[in-house]
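What follows is a short report on a single structure.
The values are calculated or read from the model by the stated rules, or taken from the named source; none is laboratory data. If you're wondering where the values come from, they're calculated on a predicted model, not measured in any experiment. Neighbour counts run over all protein chains shown; Cβ positions are idealised from the backbone, glycine included. Surface areas here come from the heavy atoms of the whole protein model, side chains and all, with no ligands, DNA or RNA. Shrake-Rupley method; radii C 1.70, N 1.55, O 1.52, S 1.80 Å.
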Amino acid sequence: MRTQVGIIGAGPAGLLLSHLLHLQGIESIVLEARSQQQVEKRVRAGILEQGTVDLLNETGVGARMMRQGLVHHGIELQFGHERRRIDFQELTAGKSVMVYAQHEVLKDLIEARLVAQGQLLFEVDDVTVGDLDGSKPKVQFRKDGSSQELICDFIAGCDGFHGVCRPAVPTEVLNVFERIYPFAWLGILAQAPPSSKELIYAYHERGFALLSMRSPEISRLYVQCPPDDDIRNWSDERIWQELHTRLECLDGWKLMEGPVLQKGITGMRSFVVEPMQYGRLFLAGDSAHIVPPTGAKGLNLAAADVRVLSRALGEYYASGKIYLLDSYSTTCLRRIWKVQRFSWWMTSMLHRFSDDNPFDQRRQLAELDYVTSSRAASVSLAENYVGLPMD
Ligand SMILES: Cc1cc2nc3c(=O)[nH]c(=O)nc-3n(C[C@H](O)[C@H](O)[C@H](O)COP(=O)(O)OP(=O)(O)OC[C@H]3O[C@@H](n4cnc5c(N)ncnc54)[C@H](O)[C@@H]3O)c2cc1C
């Protein structure tokens with residue numbers, strides 16, 4: 001098999017890259033370990049920055065998102081049992097975010113690729129990448145029990161944090177930057193209409209809580225928990241009780257409950273590798289960086305990476321020039337580090353740390369008070385939340 005760009009992983013990074021390349025007349029093959037059904041059902045992110053929404057619309061895959069997604073013009077920050085709103089529209093000259101589940105974005109991208117007769121190979125096994133520093137890198141894999149080889153001009157490592165592409169780069173080439181947080185998020189998906197029109201980020205002495213949503217019928221809720229906690233310790237009753245306690249507000253607001261459809265615990269880390277290129281392998285999305293979910297940035301960073309990569313590959317195939325490919329890593333990392341900073345800052349402001357003391361708690365409360373009462377600080381939060389410019 002032969003293609004111009006071999007893409008490992010059919011997550012947001014891989015599928016969007018394949019779509020953006022197709023629009024420039026560049027051929028790709030996407031190899032994915034999971035089945036199409038698993039990819040289309042995996043519940044993860046749900047907040048799209050303005051730039052991600054614009055990109056999906058500009059490239060013709062935003063129609064269902066515009067019909068079914070929920071446009072949010074702000075968020076609420078809760079502390080001391082009171083809520084204060086950050087008004088994105090007013091603070092960022094009309095920008096907003098879109099609540100639209102990641103797996104719905106993936107469904108739209110898969111459909112677009114299949115309509116265009118793009119090649120998506122699901123349920124592939126034993127993927128390995130090789131000859132990365134030569135001119136014809138290759139991917140070996142098994143499909144339906146038989147071994148196959150794919151020869152490419154370039155390989156895009158879009159295979160997430162646990163994929164095979166990053167480990168294929170010699171360790172002496174990569175610099176790893178990492179912070180692991182001393183807490184995790186216990187998240188539920190509930191069959192309950194969202195109890196608030198906008199997301200509520202709550203700082204509470206028992207730990208952080210987040211009220212979010214995926215649709216007018218489905219709520220997504222999180223509570224901070226210990227990193228080594230076991231989901232079996234959390235009955236549905238205990239989760240709702242904790243949510244009621246942490247989200248309780250002085251104005252008599254009520255949290256609506258409903259059947260819990262899914263629940264799970266996710267660890268929190270910040271992680272970046274530099275550079276994001278080795279020879280003809282380009283890493284994009286979670287394979288190169290992870291952010292704690294507090295800033296809702298992971299999917300958006302993946303989209304920003306592949307936007308840069310698709311333009312660089314477009315320039316290469318149009319003119320033979322490699323300047324944009326050579327600067328891919330530097331271009332992406334400038335924005336990635338700003339987004340890392342924002343995600344770390346939101347996380348640090350809103351969570352209880354195991355070693356914090358009354359001074360730290362007072363400092364966090366002062367920060368929340370400042371962020372919600374100073375226009376300069378509110379603008380800073382808002383412009384980061386709706387998304388920094390992609391270029
Ligand atoms: C609970 C949770 C909530 C989140 N909330 C948000 C949010 O609100 N906003 C936001 O922006 N981000 C959020 N994120 C992060 C976001 O989901 C990820 O950053 C995003 O999925 C990254 O996309 P990706 O394409 O880089 O990687 P992935 O989505 O991980 O996709 C990688 C793909 O590669 C496949 N793969 C892996 N290894 C192989 C292999 N060896 N061979 C073939 N295929 C392989 C995987 O099966 C997967 O389909 C959240 C994450 C979690 C876990």
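Some notes on this structure:
- Cross-link pairs beyond the 26 Å C-alpha cut-off, checked among Lys95/Lys197; Lys297/Lys321; Lys263/Lys297; Lys197/Lys338: Lys297/Lys321; Lys197/Lys338
- Å² of accessible area per residue within region 280-386, as computed with a 1.4 Å probe and no ligands counted: 40 Å²
- Using the 1.4 Å probe convention, the accessible area of region 95-165 works out to 43 Å² per residue with neighbouring protein chains retained.
- Protein accessible area in region 244-290, 1.4 Å probe - carbon and sulfur %: 52 percent
- Against the criterion of solvent-accessible heavy-atom surface with a 1.4 angstrom probe, Asp305, Asp286, Asp131 sort, most first, into Asp131, Asp286, Asp305.
- Heavy-atom accessible area for Lys95, with the other protein chains in place and a 1.4 Å probe, reaches approximately 90 Å².
- Looking at the chain, the DSSP beta bridges with both ends there are about 75 percent antiparallel.
- Legend: residues Ile151, Ile322, sorted from most to least accessible area (1.4 Å probe; ligands, DNA and RNA excluded), read Ile322, Ile151.
- Within region 185-252, trypsin sites (Lys or Arg not before Pro) in DSSP loop having at most 13 other beta-carbon neighbours inside 10 Å: Lys197, Arg206
- Within-13-Å neighbourhood charge of Trp344 [Cβ basis; K, R +1; D, E -1]: +4
- Each part gets one Cα centre, and for region 301-315 versus region 234-299 those centres are 25 Å apart.
- Per DSSP, loop GluC sites (Glu not before Pro) in region 151-241 with at most 13 further Cβ within 10 Å: Glu172, Glu205, Glu217
- Nearest-10 value in Å² for the accessible area of Val173, using the 1.4 Å probe: 50 Å²
- Taking the charge dipole of the chain about its Cα centre, with +1 at Lys and Arg Cβ atoms and -1 at Asp and Glu Cβ atoms, the residue from Pro226, Ile75, Gly207 reaching farthest to the positive side is Ile75.
- Carbon + sulfur, % of accessible area of region 46-134 - ligands and nucleic acids excluded, 1.4 Å: 45 percent
- The largest accessible area among Trp234, Trp345 belongs to the first residue in Trp345, Trp234, and the rest follow in falling order (1.4 Å probe, all chains).
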